[in-house]
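Following: one structure in structure tokens, then a few remarks.
Throughout, read-outs are computed from the coordinates displayed, never taken from laboratory work. Everything numeric here is computed off the predicted structure, so don't read it as measured data.
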Ligand SMILES: [Zn+2]
């Protein structure tokens, strides 16, 4: 049965958003989690800004890897991949990669970005994914959810107002890497762009690992699409910001 709250707060439609602020903990998360939906949105004319929270410097198993070189490489990989997806702008917060993100500072920075860019929708990893052990992901998701909830309130992070940055309320937030999807985007036409975007991240995946990941994602996208009558779908959780506070049924929406 449909949760009662959906009668009072209907689930928003992400594909109607004309401007989207996409936030990823590391270079490569937006592609894996929502790359084909991003490509679908850009082809519908939406303006997409992608913010990478960390510098990606922990993304290696090689003890002899040079950290600065890795950061540069991952930035180039992201630029190439964003170009394939049609992302309009890339921004970097450059926090140190590796699980020590200062939640309050990240939240303040993302609040300022929401107020400056005034997106209709925010896209981020779901911080409530069961068994997610990487705190860069949970903290990025939480900081972004809270910033989205409160960026419209002038007394939240009031320093922005003193600098002339005015409050802004987003229409919706959508989560990728979610265990509670309610939105299945038909990405049959943009799936190959997602695959090509993932291929850009050579520093992260060896040939075999990359092909395994792509095969898994494709098989999952087929499964998610089945009930919808599509070929391939990306599963997201779309909510209004009002869902993000006090409602016990929000996870079921
Ligand atoms: Zn990540």
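A few notes on this one:
- Principal semi-axes in Å for segment 124-166 [√(5λ), Cα gyration tensor, largest first]: 28, 9, 6
- log₁₀ of I(q)/I(0) at q = 0.10, 0.18 Å⁻¹ - segment 62-205, Debye sum with one point per alpha carbon: -0.42, -1.30
- Mean Cα-pair separation over length for segment 12-242, i.e. relative contact order, pairs under 8 Å, 6 or more apart, %: 25
- Counting only Cα atoms, segment 185-253 measures 45, 30, 17 Å along its principal axes, largest extent leading.
- Intensity falloff of segment 142-226 expressed as log10 I(q)/I(0), Debye formula with alpha-carbon point scatterers, at q = 0.11, 0.19, 0.24 Å⁻¹: -0.54, -0.91, -1.16
- Fraction of C-alpha pairs exceeding 29 angstrom in the chain: 26 percent, rounded to a whole number.
- Computed [θ] at 222 nm, helices only, for the chain once each DSSP H run of length n ≥ 4 contributes -39500 (n - 2.57): -12500 deg cm²/dmol
- Segment 55-130 shape via C-alpha gyration tensor axes, a/c threshold 1.5: oblate
- Average Cα contact separation per residue, segment 136-253, under 8 Å, 6 or more apart, as relative contact order %: 35
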